[in-house]
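**Student:** Encoded as structure tokens, here's the structure I'll be asking about.
The values are calculated or read from the model by the stated rules, or taken from the named source; none is laboratory data. In this text, all values refer to a predicted model and were calculated from it rather than measured experimentally. Reconstructed Cβ throughout: ideal geometry from the backbone, glycine too, with neighbour counts over all protein chains shown.
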Amino acid sequence: MKRSSFLLFWLAVGFVLNAADPPPTGEAILDKYIEVTGGKAAYEKIHSQITNAVMEFVGKGIKANVTMYHAAPASSYKVVDIEGIGKMEEGSDGSVSWERSTMKGARIKAGEEKAVSMRGADIGHDLRWRDYFRKAEFTGIEPIDGQVCYRVVLTPNDGQPETRYYDKNTNLLVRMSVIVKTEMGEIPTESVVSDYRKVDGQLVPFFLKQTVLGQEIAITLVSVKNNVSIPKNRFDLPPDVKALVAQQRNPK
């Protein structure tokens, strides 16, 4: 009996110690995400990318074709062609971040808005998250759509904090929420990602559902092509954007 009691005692102690294991740090969760989605080597192999997608404004009957170009270190161009409305474009040549549309014309992003856009323009921003965020904090465990998730709050060098949710079992990102600063003010947004597929050794979410001001936007990737040839002038500033840059540099 004494021996049985002794064994049961240490079994109970082991259970308590295991249950009391400290939660993972925010840094560890983000690094694990890189690992489970392909690893550092897979990310570092990607120097350019062309992505095609279909965007749908849920319940509105409006669809758009989306094409995104990225090239290292931080050049990007995105065009959204909306049926019956026209084109919306945005991009970065590595130093200037801009957007233009059929309805509003061109403008140059500045401050916090520019910082967020430049972060997204970096093709390796997920891998180099420490360059853009000064803090990543694990803040708890939360159920998201039936999945037990780690909640991580990231504080960027510039911009608003981001809250991300990673599946506890797979460590894949499943949801993000952030307040986006735009020319119209600060807008809360929530994004849910799913349908991870392997592309050149890297897991990529092929579906994103975004909620902005109560409107749901569904984005489905059609293709992701890595390390493709992109003409250098693809990232050149459009003439009207160049004019705005010149005006800023040489105000009358």
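**Student:** Could you count how many residues in the stretch 85-98 are within 20 Å of ASN52 (Cβ to Cβ) and either without any contact (Cβ under 8 Å) to a residue 40 or more places away in the chain or out of contact with any strand residue (DSSP E or B) (no Cβ under 7 Å at 6 or more places or on another chain) (or both)?
**Tutor:** Selection size over the stretch 85-98: 5.
**Student:** Which condition breaks for LEU127 when tested against (1) among the hydrophobic types (A, V, I, L, M, F, W, C); (2) free of Cβ contacts under 8 Å to residues at least 60 places away in the same chain; (3) outside any strand (DSSP E or B)?
**Tutor:** Exception for LEU127: condition (2).
**Student:** Here is a follow-up. In the set VAL180, VAL174, which member is free of Cβ contacts under 8 Å to residues at least 60 places away in the same chain and closer than 22 Å to ILE219 by Cβ?
**Tutor:** VAL174
**Student:** Take VAL241 and tell me if it is assigned to a helix (DSSP H, G or I), under 26 Å from ILE123 (Cβ atoms) and modelled with pLDDT of 95 or more.
**Tutor:** Taking the combined requirement at face value, the residue satisfies it.
**Student:** Follow-up question, since we're still on this one. Just give me the residues in the stretch 239-252 being closer than 20 Å to TYR77 by Cβ and either of a type in the set (Lys, Arg) or surrounded by 14 or more Cβ atoms within 10 Å (Cβ to Cβ) (or both), in sequence order.
**Tutor:** Within the stretch 239-252, VAL241, LYS242, LEU244, VAL245 qualify.
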